[in-house]
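This report refers to the structure that appears directly beneath it.
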Amino acid sequence: MPFIAGLISIFIIAIAVIIGWRILNGDARLLRDVEVQHTVLTPNADGDNDVTRISYEISRNATVSIYFENEEGERFYFRENKRRGSGEYEVLFSGVVQGFLLEDEEIDGDILNRLLKDGDYRWVIEAEDEQGVIEQSNGSLQIVDADPILPEVRNFTIHPISKLFTPNRDGIDDRVKPQFFLPKDVEELRVFLEMPDGTEFPITELERDVPATEEGMHIFDWDGGVDDGATPPPDGTYPLVVMSRDAEGQRIRLEDELTIQFGGVPRADIFSPPTGETLSFDATAVLLCDTLEFTLTVRNYGTTPVRTSGPAPGTIYDSTWNYNTVGWPTESGVFRVGIGFENELSPYPYRWAVGAESDLQKIGDSYYLMPGERAVVTGGIRVIDEFGVRNPQPMWAGLIHEDVEISQFNRNVDPHAILIDIPDESNIETCEARNIPSRAEE
């Protein structure tokens with residue numbers, strides 16, 4: 001009995017020493033108080049048992065990983081080598097881990113996050129301190145009724161199909177339209193151009209019959225900000241990115257390249273010289289059947305080329321013609337010089353290109369006045385009849401950005417009063433007919 005009593009005393013003393021040491025020095029374990037709230041998870045966004053709470057404590061600085069292993073031994077990380085200071089931690093786990101591909105599965109883009117498939121898993125929480133000491137805790141988790149459908153982005157295309165985007169209001173490739181199909185409703189859908197520093201230029205959706213974020217075909221549209229007078233991103237090639245996230249937290253990133261060229265807000269004007277007239281007519285009075293000629297200068301003071309279209313400078317109109325008569329109808333996005341007058345039936349019926357071919361640069365099938373360049377424009381109007389009820393008639397120049405605008409400072413430039421000398425009615429002669437200048441085949 002004394003021997004047994006002695007053993008008991010020694011045991012009690014040892015326990016007391018251990019307890020005392022822990023009271024004084026704390027629990028020496030690196031990883032402790034690990035708890036995973038549920039053993040069964042149904043991650044399908046129905047609001048019932050969709051998440052489980054994971055909590056743990058580490059006693060000193062360490063890197064922590066949380067992962068799950070299926071019955072085949074495949075490992076899926078929820079957190080991988082995250083640095084943590086000593087303290088208590090808690091996180092909600094919804095069944096979503098780092099992205100992975102199933103065997104023989106083909107998915108466009110990168111799966112950033114994905115739900116674990118239905119099945120039995122071993123969860124592991126692992127901590128490694130700065131001395132290389134590693135401690136683990138593990139347990140079982142069953143995944144049931146997980147949503148099997150990814151928020152895929154299918155049939156992703158970019159228009160123009162050349163993927164060359166020229167946001168400069170010239171009427172050619174001024175807009176970019178990414179489009180794709182979503183096989184399921186999603187929680188978040190973002191499309192943007194990504195800069196090297198991570199800055200994003202968002203692209204908005206053209207919402208039609210399919211509501212935003214819902215299953216179906218989605219078309220996005222972007223002008224680079226030019227239509228609002230903003231400067232587009234610098235010329236270059238950038239990733240155009242689609243990010244899709246569903247209600248369960250699965251995420252897909254898909255990207256393609258888009259090249260921006262000649263981007264910018266076009267800025268041109270009818271140049272006003274320090275001395276002399278901005279619009280110079282060769283006469284203040286003109287006889288019937290004679291030609292009134294003009295000269296002016298157009299300047300591109302912006303950073304992007306200015307597209308133009310004919311007829312060429314030097315073209316002579318009859319006063320009864322207009323730009324349609326000579327075969328040069330309105331072209332969206334082109335700049336043309338115009339001569340207008342007070343009683344015109346339509347704005348600026350007489351129009352010319354902003355420069356001769358020798359003044360311009362050909363890009364593709366179109367001609368452009370390049371940044372910093374000037375061009376002298378001449379032309380004439382053979383007077384067949386009075387221009388309107390007023391005589392002298394106020395006449396002026398304009399720089400028309402067709403189907404876009406005639407800016408205030410390019411409207412009604414330098415008006416002149418032009419007198420048409422009309423003989424008395426008995427002496428009026430019919431002007432000699434002439435052929436309409438034909439537009440050369442392009």
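Worth pointing out:
- Helix 2-25 vs. the chain, principal-axis angle (Cα, 0 to 90°, nearest 10): 20
- Phi-based couplings in Hz for region 60-69 (Karplus 6.51, -1.76, 1.60; Gly and Pro marked x): 7, 4, 6, 9, 10, 10, 10, 9, 10, 10
- Cα-centred dipole magnitude for region 157-238, charges only on beta-carbon of K, R (+1) and D, E (-1), debye, nearest 20: 300
- Equivalent ellipsoid of region 52-170: semi-axes from √(5λ) of the C-alpha gyration tensor, largest first, are 37, 21, 12 Å.
- Net charge over other residues, Cβ less than 11 angstrom from the Cβ of Val186 (K, R count +1; D, E count -1): -4
- Taking Cα centre as origin and charging only the Cβ of basic (Lys, Arg, +1) and acidic (Asp, Glu, -1) residues, the dipole magnitude of region 233-335 rounds to 320 debye.
- Surface accessible to a 1.4 Å probe, per residue, for the residues of region 325-442, Å²: 53
- For q = 0.06, 0.11, 0.12 Å⁻¹, Debye-computed log10 I/I(0) when each Cα of the chain counts as one equal scatterer: -0.51, -0.93, -1.03
- Computed Kirkwood radius, in angstrom, where 1/r is averaged over Cα pairs of region 327-403: 14.1
- Counting only protein chain heavy atoms and rolling a 1.4 Å probe, the accessible areas of Glu80, Glu74 rank, largest first, as Glu74, Glu80.
- Taking the protein heavy atoms of the chain in the context of the full set of protein chains, the accessible area attributed to carbon and sulfur is 48 percent at 1.4 Å.
- Using the Karplus relation 6.51 cos²θ - 1.76 cosθ + 1.60 with θ = phi - 60°, the per-residue 3J(HN,Hα) values for region 212-228 come to 4, 6, 9, 3, x, 7, 10, 10, 10, 8, 8, 10, x, x, 5, 5, 9 Hz, with x marking Gly and Pro.
- Sequence-distant contacts, meaning Cα pairs under 8 Å at least 6 residues apart, place the relative contact order of the chain at 11 percent.
- Fluctuation leader among Gly364, Gly229, Gly264 - the chain, Gaussian network, Cα springs under 10 angstrom: Gly364
- Phi-derived couplings, Karplus 6.51 cos²θ - 1.76 cosθ + 1.60 at θ = phi - 60°, listed residue by residue for region 363-368: 10, x, 9, 10, 10, 9 Hz, with x used for Gly and Pro.
- Loop-located trypsin sites (Lys or Arg not before Pro) in region 337-442 (DSSP state not H, G, I, E or B) with no more than 15 neighbouring Cβ atoms inside 10 Å: Arg390, Arg434, Arg439.
- Cβ-defined net charge surrounding Arg267, 14 Å radius [Lys, Arg +1; Asp, Glu -1]: 0
- Rounded to the nearest 20 debye, dipole of the chain from Cβ charges on Lys, Arg, Asp, Glu: 1380
The values are calculated or read from the model by the stated rules, or taken from the named source; none is laboratory data. Quick caveat, the model's predicted, so the values are computed rather than measured. Positions of Cβ are backbone-derived with ideal geometry, glycine not excepted, and every protein chain shown enters the neighbour counts. When the accessible area is computed, the model is the full protein with side chains, heavy atoms only, and any ligands, DNA or RNA have been set aside. Shrake-Rupley method; radii C 1.70, N 1.55, O 1.52, S 1.80 Å.
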